[in-house]
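Presented below is the structure to which this report refers.
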Amino acid sequence: MRGRVEEAEKKPHFLDPDYEGPSKVDAFKPNHIRMRKNMVPSELCVQYWFDKNDVCNHANASHCFQPRAGLRRFQTVAEGDDSKKSYKRLHRWRYSPTAAYGNNEVHLHPYQERRITVAEALALQSLPKEFELPPTLTLSNMFKTVGNGVPYMAAQGLARSIAEHLRSRDASYRSEHRESYQSVAA
């Protein structure tokens, strides 16, 4: 009986302030299949957006910085390790820590020995898969464009909220000044 009471009193993990999500880091293994082992909503996970936007077949899939040196370093950063100043490897079953690609930050693909592509960066910003950057932009400008943007779904939600507020304010103003409108119409 006591076990059931304790279970019932437990908050869902996403409401629990002490919940740390999936393991902080997982050893890097190239192209390793890792099953989802946490309850973070899939829509918030890196892999969800990679799959949803079919990043491997995206027009910007080949736009990626090639390592001149440091491939060995790419191989030593564990999946999900974003604690370093420079090299940060995304974790496929967690959210992306940032999409700002400046300040000497190098964002590594969760399970491949490379940096992320422009297509993957666009997906992490929740842009529709039809959105693509023109190939005439330099690679640096492509990443700068993505990094300077507001995530698409966040901007969409903010725009809806502002529109709703303005409609509400407009309706309230009209009801308060109904007499003025009627006298002008007469």
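Values for this structure:
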read-out	value
Candidates Leu127, Leu139, Leu108 - the one that is aliphatic (A, V, I, L, M) and within 19 Å of Ala27 (Cα to Cα)	Leu108
Within region 71-95, considering residues that are touching a strand residue (DSSP E or B) at 6+ places or on another chain (Cβ under 8 Å) and of a type in the set (Gly, Ala, Ser), the one modelled with the lowest pLDDT	Ser86
Residue within region 90-105 that is in a strand (DSSP E or B) and within 15 Å of the chain's Cα centre (by Cα) present	no
Failed item, numbered, when Pro67 is tested on (1) assigned to a loop (DSSP other than H, G, I, E, B); (2) buried (at least 19 other Cβ atoms within 10 Å of the Cβ)	(2)
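The values are calculated or read from the model by the stated rules, or taken from the named source; none is laboratory data. All values derive from a computational prediction rather than experimental measurement. Please note: Cβ atoms are built from the backbone with ideal geometry, for glycine as well, and neighbour counts cover all protein chains shown.
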